[in-house]
């Protein structure tokens with residue numbers, strides 16, 4: 001086969017696959033969202049979804065979680081990445097330990113933190129061991145929304161910081177070490193080196209890490225299901241509820257499109273804010 | 001770029017700063033490990049202990065909870081389904097993704113950038129949501145509630161990764177090696193089989209393992225697309241409201257176990273998948 005046709009032959013399976021299972025379902029879900037029962041074009045699905053009393057709450061919860069979780073994850077991942085970059089001995093081991101949560105599903109992460117926060121769980125055991133409480137408290141109840149939120153946020157931070165860490169460590173590895181040597185010669189402090197060299201040169205990786213993380217943050221579902229159940233409605237959980245409990249796939253599609261819209265809007269903002277000037281990459 | 005090297009080297013630091021540094025490393029390791037340890041304690045305790053208070057901070061090595069898990073109706077089937085879907089996903093994503101990775105690394109062709117954009121686009125997208133319309137499409141084609149149907153969706157999730165990983169792996173092998181084989185009488189195919197494939201095999205394995213983990217861990221699409229043939233994640237999710245604590249913890253532990261092994265197996269390649277996306 002000639003080398004003109006060969007590359008197209010090699011990529012065709014991926015293209016066909018993505019057309020069938022990525023582009024086509026996307027068209028379908030848009031269609032479903034904008035069509036009523038009779039098949040006519042309508043916005044009624046969106047009206048139904050948005051006017052439902054749970055919608056503002058789940059939208060607020062999803063955004064609040066993203067706002068609380070993502071900045072902490074970013075700073076934590078930056079801290080870990082810089083720590084690892086100075087490490088000589090035991091670097092591989094430490095990195096392995098820190099990236100373990102990368103392989104753990106959101107459902108499993110939720111269950112892990114349930115072991116800590118449930119009524120007979122380890123947090124209560126610790127508190128009573130220290131003599132701070134007499135009886136185990138019911139931490140995950142509707143009376144303590146702050147604790148429910150904290151538990152979910154902690155589980156998310158615990159689980160999904162690793163993916164940012166990996167992207168940032170890879171990014172730091174691309175920065176030539178001569179820059180740091182030069183900075184040392186001119187007597188720049190470590191902090192100054194971080195602000196003036198690492199941070200600006202890391203911008204493409206920061207972009208990738210943030211886009212990915214923010215999109216995943218709007219998809220949060222199983223962690224919440226495991227820890228908060230119905231106490232803490234989020235958008236993705238509502239999508240699931242529409243599809244299964246209410247059997248309204250038009251409304252489910254409408255929420256799906258809303259999640260999609262929010263994700264795209266945030267992606268645009270991140271790309272814009274952290275844009276890399278042309279010719280300024282390494 | 002399969003491994004990033006430490007770029008700053010060792011710097012002389014004061015002993016106070018060093019103490020802070022070492023203790024933060026230890027603390028961050030504990031932050032990751034201790035929650036998993038708690039889950040381990042609960043898994044290796046009898047159901048009575050799991051539901052009692054206060055908790056001991058050491059496991060009693062009782063297999064009651066795990067036994068309960070294995071005996072729970074439908075659980076073993078769900079576990080089998082999970083493994084089947086993950087194996088199918090693993091095979092398909094490599095067979096479909098690796099040729100594209102090879103094409104990206106070896107050829108310049110019209111539409112290459114468009115293709116790369118398509119790949120990157122899939123990652124900037126809440127993909128599990130697409131399971132909703134697929135549910136309808138699968139009912140029409142008879143793929144609904146089958147492990148194969150679900151593995152098609154999981155393959156869509158895994159393909160961007162397998163393309164990017166194999167692209168970076170193939171880019172790491174000099175074209176000259178292949179050219180030398182061609183001049184010695186190999187065809188493109190036999191040169192690939194005899195020269196490139198042996199070099200690339202460990203990386204391909206890592207990428208396959210990664211695809212396995214993606215499928216094994218996926219919850220939303222699995223819950224939407226299966227009803228009778230639940231995977232383990234979907235089964236656990238469905239029963240979250242009603243199942244006893246010891247069942248949840250044992251199930252969670254079974255979910256976590258492969259992750260620990262897999263991340264260890266692919267650790268060298270973790271950075272290849274993202275390093276390449278940075279440029």
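Laboratory data are not the source of any read-out in this text; all were calculated from the coordinates shown. Just so we're clear, the structure is a prediction, and the values are computed from it rather than from any experiment. Cβ coordinates were reconstructed from backbone atoms using ideal geometry, including for glycine residues, and neighbour counts include every protein chain displayed.
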Point to revise | Net lengthening on full extension, residue A:150/residue A:265 (0.36 nm per residue, minus Cα-Cα) | key: 38.8 nm
Point to revise | Rounded tilt (10° steps) of B:15-43 against the dominant C-alpha axis of chain B | key: 60 degrees
Check your understanding: Of B:20, B:224, B:213, which is the most mobile in a GNM of chain B whose springs link Cα atoms less than 10 angstrom apart?
Key -> B:20
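Sorted by mean Cβ packing within 10 Å, highest first, what order do the peptides B:200-208, B:105-113 take? Can you show the working numbers first?
Working: B:200-208: 19.7, B:105-113: 13.7.
By packing density, highest mean first, the sequence is B:200-208, B:105-113.
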Review point. In peptide B:27-40, how many Cβ atoms from other protein chains are near each Cβ within 10 Å, on average?
Key: 6
Practice item. May I have the extent of the alpha carbons of region B:15-67 along their three principal axes, as whole Å values ordered from largest to smallest? Key: 49, 20, 13
Check your understanding: Quick one: helix B:75-106 against the long Cα principal axis of chain B, what's the angle to the nearest 10°, folded into 0 to 90?
Key -> 20 degrees
Practice item. Using only the C-alpha atoms of chain A, find the volume of their convex hull and express it per residue in Å³. Key: 215 Å³
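For a distance above 14 Å, tell me the whole-number percent of Cα pairs in region A:112-174 that qualify. The partial results should precede the final answer.
Numbers: 1276 of 1953 pairs.
Of the Cα pairs, 65 percent sit more than 14 Å apart.
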**Study point:** 20 Å tail of the calculated P(r), region B:74-278, as % of Cα pairs
**Key:** 61 percent
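Explain nothing, just the number: relative contact order of region B:101-178, from Cα pairs under 8 Å at least 6 residues apart, as a whole percent.
On the way: 29 pairs, mean separation 48.8, N = 78.
It comes to 63 percent, rounded to a whole number.
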Check your understanding: Zone of residue A:52 (label point 7 Å along Cα→Cβ, backbone N under 13 Å): which residues in region A:242-272?
Key -> A:242-259
Review point. Can you give the percent of C-alpha pairs in region A:1-159 whose distance is more than 19 Å?
Key: 76 percent
Study note, to complete from the structure: Distance in nm between residue A:23 and residue A:183 label points, each 7 Å along Cα→Cβ, equals 4.4 nm
Study note, to complete from the structure: Rounded to two decimals, the Debye log10 I(q)/I(0) of the protein assembly as shown (Cα scatterers, no solvent) at q = 0.07, 0.13 Å⁻¹ is -0.43, -1.45
**Study point:** residue B:257 versus residue B:21: modelled label distance in nm, points set 7 Å from Cα along the beta carbon direction
**Key:** 4.0 nm
Study note, to complete from the structure: Distance in Å, no decimals, from the C-alpha centre of region B:211-236 to the one of region A:205-259 is 16 Å
Revision key, fill the gap. Packing-ranked peptide list from B:241-247, A:67-73, highest mean Cβ count within 10 angstrom first, is A:67-73, B:241-247
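Estimate the FRET efficiency between residue A:127 and residue B:37 by the formula 1/(1 + (r/R0)^6), using the beta-carbon distance for r and 22 Å for R0, to the nearest 0.05. Write out the running numbers ahead of the final one.
On the way: r = 18 Å, r/R0 = 0.83.
Efficiency at R0 = 22 Å is approximately 0.75.
Can you work out the FRET efficiency for the pair residue A:3 and residue B:173, with r the C-beta to C-beta distance and R0 = 25 Å, to the nearest 0.05? It would help to have the intermediate numbers written out before the result.
Values: r = 17 Å, r/R0 = 0.70.
That pair, residue A:3 with residue B:173, gives E of 0.90.
Given an 8 Å cut-off on Cα distances and at least 6 residues of separation, report the relative contact order of chain A as a percent.
Details: 290 pairs, mean separation 78.2, N = 282.
So the answer I get is 28 percent.
What's the exposure ranking of A:89, B:194, going from fewest to most Cβ atoms within 10 Å?
Working: A:89 8, B:194 12.
The order, fewest Cβ neighbours first, is A:89, B:194.
When a footprinting reagent is the concern and you count Cβ atoms within 10 Å, what order do A:258, A:197, B:33 take, fewest first?
Numbers: A:258 20, A:197 17, B:33 14.
Taking fewest neighbouring Cβ atoms as first place, the list is B:33, A:197, A:258.
Can you give the mean number of other chain Cβ atoms that lie within 10 Å of the Cβ atoms in peptide A:237-244?
On the way: counts 1, 0, 7, 6, 0, 1, 5, 4.
Shielding by partners across A:237-244 averages 3.
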**Study point:** Two-site label geometry, residue B:141 and residue B:121: point separation in nm, points 7 Å out along Cα→Cβ
**Key:** 1.9 nm
Review point. When the Cα centres of region A:7-49 and region B:77-151 are compared, how far apart do they sit, in Å?
Key: 15 Å
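Per DSSP H run of n ≥ 4, the term is -39500 (n - 2.57); total these for chain A, divide by its residue number, and report the mean residue ellipticity at 222 nm rounded to 500 deg cm²/dmol. Write down the numbers at each step before the final one.
Working: 14 runs with 191 residues, N = 282.
Dividing the helical sum by the residues of chain A leaves -21500 deg cm²/dmol.
For B:103-111, what's the mean count of beta carbons from other chains sitting within 10 Å of each residue's beta carbon?
On the way: counts 8, 4, 0, 4, 7, 1, 8, 3, 4.
Mean partner-chain Cβ count within 10 Å for B:103-111: 4.
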Check your understanding: Between residue B:201 and residue B:184, 0.36 nm times their residue separation minus their Cα-Cα distance comes to what?
Key -> 3.8 nm
**Study point:** Sequence of A:42, B:43 once ranked by neighbouring C-beta atoms within 10 Å, starting from the fewest
**Key:** A:42, B:43
Practice item. Could you work out how far helix B:197-217 tilts from the main Cα principal axis of chain B, as a 0 to 90 degree angle to the nearest 10? Key: 30 degrees
